[in-house]
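Working notes, beginning with the structure itself.
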Amino acid sequence: MSSVPAVPFRPLPLAAATRPGFLRSHLWLPLLLTLAASAVLMGMGGDQWLADQFYRLEGQQWALQNAWATSQLVHKGGKWASALGVLVAILLCTHAWRSDRTAAWRWPLLYLVLAVALGTAAVSLLKSVTNMDCPWDLARYGGLREYVGVFASRPPGMPRGVCFPAGHSSAGFAWVSLYFFALLVRPAWRWRGLAVGLVAGGVFGLSQQLRGAHFLSHDLWTLATCWAISLGLYLLVQRIDARTQSVPAIAAQGEAA
């Protein structure tokens, strides 16, 4: 008989991603809702209608464009708050990978850091290639350019646009990854995590819309991009984490046999 104490083998719970309906509710349903909302906002003029209301309420100008609350508190302050959150996540992740006592948090925290970083990076990359203007650039709102849709050809000589999707709200919407982070560590927290990302991104996005920097659809696609990145990375990390947990468990079962 082996002198090593028996360690009971505890099979891993069924991965959330393998449960029936997971991709339907986390991928296909959000995608359909995004496309439907985009059809209303971008195809049926919903973007311009909402921007018209903001522009009219501000006195036929973007009166809040340089206001302290929108440009300093929410815009600059929001960026710093999000960056501070990332820094805290990095420090916690570093500690988890250096301490055996917090080993269970290694992959979840690494996931969170990567999801926020990749979400904001993906939005920034898309901004550089989609070539759409901000409302404040358009003649309809006191600018010099005519509106050109995301799939339309821009007139020759027209400067590039770098406003789609919305960059600033990505600093908030990237934190929808907290939903999937919670699925990895404590699923009961997932709705709180989702609320953090939605509220932060919503506040950042609304502030920019009031400044004339973005249409609502710009923020919608920022949310969709951050959600897609978070979901895809979750599926990958969840599988890796499950494998790393199963190896010690199987080894312990073999030693106890």
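The values are calculated or read from the model by the stated rules, or taken from the named source; none is laboratory data. Since the model is a prediction, treat every value here as computed from it, not as a measurement. Neighbour counts are summed over all protein chains in view; Cβ atoms, including those assigned to glycine, are modelled from backbone coordinates with ideal geometry. Note: areas computed on protein heavy atoms with side chains; ligands, DNA, RNA excluded. Shrake-Rupley method; radii C 1.70, N 1.55, O 1.52, S 1.80 Å.
Regarding Gly157, is this residue more than 27 Å from the chain's Cα centre (by Cα), open to solvent by 60 Å² or more (accessible area, probe 1.4 Å) and touching a residue at least 40 places away in the same chain (Cβ under 8 Å)? Spelling it out, it is not the case that Gly157 is more than 27 Å from the chain's Cα centre (by Cα), open to solvent by 60 Å² or more (accessible area, probe 1.4 Å) and touching a residue at least 40 places away in the same chain (Cβ under 8 Å).
Restricting region 143-152 to residues that are surrounded by fewer than 16 Cβ atoms within 10 Å (Cβ to Cβ) and under 29 Å from the mean Cα position of the chain (by Cα), the residue that is farthest from Val123 (Cα to Cα) is Ala152.
Scoring His95 on the criteria (1) under 21 Å from the mean Cα position of the chain (by Cα); (2) open to solvent by 70 Å² or more (accessible area, probe 1.4 Å); (3) of a type outside the set (Phe, Trp, Tyr) leaves a single failure, condition (1). Contact annotation: no residue pair with Cβ atoms under 8 Å, 6 or more positions apart or on different chains, pairs a residue in region 91-108 that is farther than 21 Å from Ala182 by Cβ and part of a helix (DSSP H, G or I) with a partner that is open to solvent by 70 Å² or more (accessible area, probe 1.4 Å) and not charged (D, E, K, R).
Of all residues in region 209-245, those satisfying the criterion of being open to solvent by less than 10 Å² (accessible area, probe 1.4 Å) and either at pLDDT below 95 or of a type in the set (S, T, N, Q) (or both) are Ser217, Thr222, Ser230, Val237.
Report whether or not Ala51 is aliphatic (A, V, I, L, M), under 13 Å from His214 (Cα atoms) and modelled with pLDDT of 95 or more.
For Ala51, the condition - aliphatic (A, V, I, L, M), under 13 Å from His214 (Cα atoms) and modelled with pLDDT of 95 or more - is met.
Within region 113-136, residues that are in contact (Cβ under 8 Å) with a residue 12 or more places away in the chain reach partners that are open to solvent by 60 Å² or more (accessible area, probe 1.4 Å) and assigned to a helix (DSSP H, G or I) with beta carbons closer than 6 Å, at six or more positions or on different chains, in the pairs Val113/Ile90.
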